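The block underneath contains the structure these notes are about, expressed in structure tokens.
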Amino acid sequence: NATVGGTLGVGSTNTPTSSSGGKLIAIETTADEHTNLVFNTANTARNGIIEGRRTGRSGSERFAQINIQNNSDNGEIRFYTAASGSDVSEKMKIDASGRVTTPNLPSFLTYGSPSMTNTSGGAGYFHNFQNTGESFNNGSHYNNTTGRFTAPVAGKYMFGLSIARGESYNGANQLIYVSKNSDTTGGNYVGSNASASQAHDQIQCHFIYNLAANDFVVGTYYNGSGTFTRLATSPRNFFYGYLIG
């Protein structure tokens, strides 16, 4: 056991300094060779752990951790973080085959026969999907009552909207959109259209938006002078989205 009150240099020829002004552990070589920080344990059930702590923090003192799993897990790397007042929990994992999983990724899927704010001659949005089958709302960022997905963090998000018209459709061309920061087609939007003459059309649009935190998107439409007499029954109507990064 060793306690160092300031900077610790391993193999250093010059005293290293920290760019942040804090404590520093430096592993240095002047030769053409690797430098290594090794976690070595004789027990295959033990892990290598890099951990961030703060004494007196609200809740558990741990706020971040990188866990290099033991031999029985084939060397998985797991990443843990925690909000103030909580202990750390796993947020990302790289398994032995290189597959990355992010269980807290913001994402949603809703489907069923939705309600519409307007069914004749004008713009509106879809909401209150019946969710008659499997659906999810990871992080609860989608509000089925309003039809809005609100971005929790800035980033690029993928969205898709697919709506099926019923056999009794009558009227002008139909356009559906994924609209940004507007409950109609008045904001930024991208969409597709279907002809007036065809019932049972499945209209789809897919788009990637670059969103700021608290931007929202809605599945919207424009009817022209026609009427959505009814949408086809479940599960032909879908709205989904997820954070890409």
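Coordinate-derived values only; no laboratory data. Predicted, not measured: the structure shown is a model, and the values here were computed from it. Note that we place each Cβ from the backbone using ideal geometry, even for glycine, and neighbour counts take in every protein chain shown.
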Rounded FRET efficiency, nearest 0.05, which uses the C-beta distance separating residue 89 from residue 57 and R0 of 25 Å: 0.95
Order by protection proxy (mean Cβ within 10 Å, highest first), peptides 42-51, 139-148, 174-183: 174-183, 139-148, 42-51
Find the Rg to Rh ratio for the range 1-70, where Rh is the Kirkwood radius over alpha-carbon pairs and Rg uses the same atoms. 1.02
Largest-first semi-axes in Å of the equivalent ellipsoid built from the Cα gyration tensor of the range 86-164 are 32, 14, 12
Of the residues 135, 113, 102, the Cα lying farthest along the dipole of the range 71-135 towards its positive end, which is defined by charges on the beta carbon of Lys, Arg, Asp and Glu, belongs to 113
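Take the Cβ-Cβ distance between residue 10 and residue 150 as r, set R0 to 41 Å, and report the resulting FRET efficiency rounded to the nearest 0.05.
Given R0 = 41 Å and the Cβ-Cβ separation, E is 0.30.
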Averaged over all viewing directions, the convex hull of the alpha carbons in the range 60-130 casts a projected area in nm² of 8.8 nm²
To the nearest 0.05, how large is the calculated FRET efficiency for residue 18 and residue 64 if R₀ is 22 Å and r is the Cβ-Cβ distance? 0.75
Distance in nm between label sites at residue 100 and residue 212, each 7 Å beyond Cα in the beta-carbon direction? 2.6 nm
Under 16 Å from residue 91, Cα to Cα: aspartates and glutamates that are on another chain or at least 8 residues apart: 51, 76
